[in-house]
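Heads up, the thing below is written out as structure tokens.
The values are calculated or read from the model by the stated rules, or taken from the named source; none is laboratory data. Just so it is clear, the model here is predicted, and its values are computed rather than measured. Cβ sites come from the backbone with ideal geometry, for glycine too, and all protein chains shown count toward neighbours.
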Amino acid sequence: MIIYKRQLMQPGTILILNGTSSSGKTTLIRMLQGALDQPFLEFGLDKLIWMLPKRYFSPPLWDEVLGKADQAGEYGHKLVHGMHRAIRSLAENGLNILADHVLIEPDWVIDCANQLCHLPAYLIGIHCELQILEQREANRKDRTLGQARRQFHKVHSHGIYDFTIDSSESTPEENIAQILAFLKSSPPPKALKQLGLKSQLYPG
């Protein structure tokens, strides 16, 4: 009986917000949690990173994770691949997900697409001007300076999204209104399907 119910279970909706450090993703995710009618779980790479032993937050062990900010170490790749599979499992069990991502590695884009393209998963790009990113980074005092600059030219290089916003041009409230209007129009998710197909056509 349980297996039968699982087969008929409606998968949850996935919203992946991709952008550099300090682009405003966390703020948007928490505002979306309050604005969306259905419950959405907040998830992302930071959630997994904070599960690591504290010794991994300092060199040389941090280099195994995300020590260079724009290039992952071996353990960082494992975390991201595990995150994609965790998101898939949660969604397949009917849970909605709001995920914070930083797609700095081409392999992450491909793996994300392959794992989630069969689900109602939307890829949303969070753009922001570099000067504003660096000012936010300096003001926050909880980020290593230079992260945003290192990630800036990589994080959107795959070039395909279901929807994009620019957090340097609009307030968080305006950005939330744009995202909600987009979701209300009920478009079918396309970006991850296109990225998955693209990776099959051009595997190199």
Practice problem: Filter the stretch 148-160 down to the residues that are crowded, with 17+ Cβ neighbours inside 10 Å and in contact with a strand residue (DSSP E or B) (Cβ under 8 Å, 6 or more places away or on another chain), then identify the one that is nearest to K193 (Cα to Cα). | Solution: H156
Practice problem: Could you tell me whether the stretch 154-161 includes any residue that is over 19 Å from the mean Cα position of the chain (by Cα), modelled with pLDDT under 95 and not hydrophobic (A, V, I, L, M, F, W, C)? | Solution: no
Quiz item: Which residue pairs have Cβ atoms closer than 7 Å, lie 6 or more positions apart in sequence or on different chains, and pair a first residue in the stretch 97-120 that is modelled with pLDDT of 95 or more with a second residue that is hydroxyl-bearing (S, T, Y)?
Solution: D100/T26; V102/T20; V102/S21; I110/S199; A113/S199; P120/T13
Practice problem: Find the residue count for the stretch 16-34, including only residues that are surrounded by fewer than 23 Cβ atoms within 10 Å (Cβ to Cβ) and closer than 18 Å to N96 by Cβ. | Solution: 7
Practice problem: Scan the stretch 111-122 and give yes if some residue there is part of a strand (DSSP E or B) and either of a type in the set (F, W, Y) or closer than 16 Å to P11 by Cβ (or both), otherwise no. | Solution: yes
Quiz item: Could you list, in sequence order, the residues of the stretch 61-86 that are part of a loop (DSSP other than H, G, I, E, B) and either polar (S, T, N, Q) or at pLDDT 90 or above (or both)?
Solution: V65, Q71, A72, G73
Quiz item: Which residue out of G94, G67, G76, G82 is without any contact (Cβ under 8 Å) to a residue 12 or more places away in the chain, out of contact with any helix residue (DSSP H, G or I) (no Cβ under 6 Å at 6 or more places or on another chain) and either within 19 Å of A113 (Cα to Cα) or not hydroxyl-bearing (S, T, Y) (or both)?
Solution: G67
Exercise. Could you run through the stretch 87-100 and say how many residues are surrounded by fewer than 18 Cβ atoms within 10 Å (Cβ to Cβ) and either in a helix (DSSP H, G or I) or of a type in the set (A, V, I, L, M, F, W, C) (or both)?
Key: 2
Self-check item: Matching residues, the stretch 31-80, being acidic (D, E) and touching a Leu at 6+ places or on another chain (Cβ under 6 Å)
Solution: E42
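Could you tell me which of the residues D46, D37 is closer than 30 Å to L183 by Cβ, surrounded by fewer than 16 Cβ atoms within 10 Å (Cβ to Cβ) and modelled with pLDDT under 90?
Answer to the check: D46.
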Quiz prompt | the stretch 21-55, subset without any contact (Cβ under 8 Å) to a residue 40 or more places away in the chain and in a helix (DSSP H, G or I), residue farthest from L95 (Cα to Cα) | solution = R55
Quiz item: Do you know which residues across the stretch 152-201 are assigned to a helix (DSSP H, G or I), under 18 Å from T20 (Cβ atoms) and polar (S, T, N, Q)?
Solution: N175
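Taking the options L103, L133, L145, name whichever one is over 16 Å from the mean Cα position of the chain (by Cα), buried (at least 19 other Cβ atoms within 10 Å of the Cβ) and not in a strand (DSSP E or B).
Working: L103 fails: over 16 Å from the mean Cα position of the chain (by Cα); L145 fails: buried (at least 19 other Cβ atoms within 10 Å of the Cβ).
Among L103, L133, L145, only L133 is over 16 Å from the mean Cα position of the chain (by Cα), buried (at least 19 other Cβ atoms within 10 Å of the Cβ) and not in a strand (DSSP E or B).
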